[in-house]
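Quick notes on the structure that follows.
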Amino acid sequence: MRQICEIRKLTGGRYLVVLEDDFQFPLYGKELDHYDIREAGVLREAAETEILQELLPKRAKLCAMHFLQNSDRTEEQVRRKLRTLFYPEDIITLAVSYVKQYHYIDDVRYAANYIEYRSDSKSMRQLEQELYQKGISKEDIEAAKEQIDCPDEGIQIRNWLEKKGYSSEQADRKETERIYRFLARRGYSISAIQKEIRNFD
């Protein structure tokens with residue numbers, strides 16, 4: 001049995017149960033009554049086993065599936081979502097493993113789609129950085145790039161120069177520096193920018 005130190009009210013009729021070792025998990029109000037959970041009381045071993053091995057894993061799996069219902073997500077995004085709902089890390093891992101088993105989560109697929117849909121307006125470097133921020137590993141990004149036709153950086157830069165109406169003959173130093181900064185912010189390498197501007201008519 002473990003001491004119950006605090007019961008903190010959350011939203012949607014949920015409560016956060018905090019145990020003596022700072023272990024936390026969420027329950028609904030009726031479940032507090034069902035398991036006889038009271039602040040300053042104790043959590044019986046049988047109740048803890050049922051909550052952590054049956055009730056919460058099932059609920060976390062359903063929550064993960066619901067989160068993925070209308071949009072593709074990365075593994076890290078699903079983990080972050082479940083953390084905001086105060087699920088313990090081991091239960092989050094169980095839920096993630098479950099949805100991965102049925103390919104509801106596939107970071108390689110997500111990365112490939114992300115690159116394909118955005119490659120017209122962003123450099124590969126910028127896309128990779130955005131994918132890193134979403135929690136996708138370098139290995140999964142490289143695997144995704146092998147599945148698709150990656151954009152040519154030179155062509156992308158030339159397209160931007162055309163859209164911006166840039167002319168190497170007419171542009172002054174200020175205009176050239178402005179276009180350099182614009183392209184650099186989108187992740188294109190300085191060497192590639194220099195090459196395309198130098199050869200752009």
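The values are calculated or read from the model by the stated rules, or taken from the named source; none is laboratory data. Note that this is a predicted model, so its numbers are computed, not measured. Glycine gets a Cβ as well: all are built from the backbone with ideal geometry, and neighbour counts include every protein chain shown.
Annotations
- Hits in the stretch 21-38 - residues which are touching a residue at least 40 places away in the same chain (Cβ under 8 Å) and either of a type in the set (D, E, K, R) or part of a loop (DSSP other than H, G, I, E, B) (or both): F23
- Among the residues of the stretch 122-133, those identified as of a type outside the set (G, A, S) and buried (at least 17 other Cβ atoms within 10 Å of the Cβ) are K122, M124, L127, E128, L131.
- Selection within the stretch 39-74 - over 16 Å from V99 (Cβ atoms) and either of a type in the set (V, I, T) or assigned to a helix (DSSP H, G or I) (or both): V42, E45, A46, A47, E48, T49, E50, I51, L52, Q53, E54, L55
- Test: E89 is in the same structural domain as P26 (by TED's automatic domain parsing) and under 12 Å from the mean Cα position of the chain (by Cα): no
- Selection from the stretch 39-62 of residues that are touching a residue at least 40 places away in the same chain (Cβ under 8 Å) and touching an Asp or Glu at 6+ places or on another chain (Cβ under 8 Å): R44
- Qualifying positions in the stretch 134-148 - farther than 11 Å from A112 by Cβ, surrounded by 15 or more Cβ atoms within 10 Å (Cβ to Cβ) and of a type outside the set (S, T, Y): K134, G135
- Looking across the stretch 99-121 at every residue that is under 21 Å from E162 (Cα atoms) and of a type in the set (G, A, S), the one that is surrounded by the fewest Cβ atoms within 10 Å (Cβ to Cβ) is identified as S121.
- Among the candidates I155, I141, the residue that is in a helix (DSSP H, G or I) and either assigned by TED's automatic domain parsing to the domain that holds Y15 or more than 18 Å from the chain's Cα centre (by Cα) (or both) is uniquely I155.
- Of all residues in the stretch 68-101, those that are within 20 Å of L27 (Cβ to Cβ) and not hydroxyl-bearing (S, T, Y) total 12.
- In the stretch 98-121, of all residues being β-branched (V, I, T) and in a helix (DSSP H, G or I), the one that is modelled with the lowest pLDDT corresponds to I115.
- Subset of the stretch 33-84 that is buried (at least 16 other Cβ atoms within 10 Å of the Cβ), among the β-branched types (V, I, T) and within 27 Å of the chain's Cα centre (by Cα) - its residue that is nearest to D22 (Cα to Cα): V78
- For Y87, the criteria (1) assigned to a helix (DSSP H, G or I); (2) in contact with a helix residue (DSSP H, G or I) (Cβ under 7 Å, 6 or more places away or on another chain); (3) closer than 22 Å to D21 by Cβ; (4) of a type outside the set (A, V, I, L, M, F, W, C) hold in every case but one, which is (1).
- Options E169, E196: the member that is modelled with pLDDT under 80 and crowded, with 17+ Cβ neighbours inside 10 Å: E196
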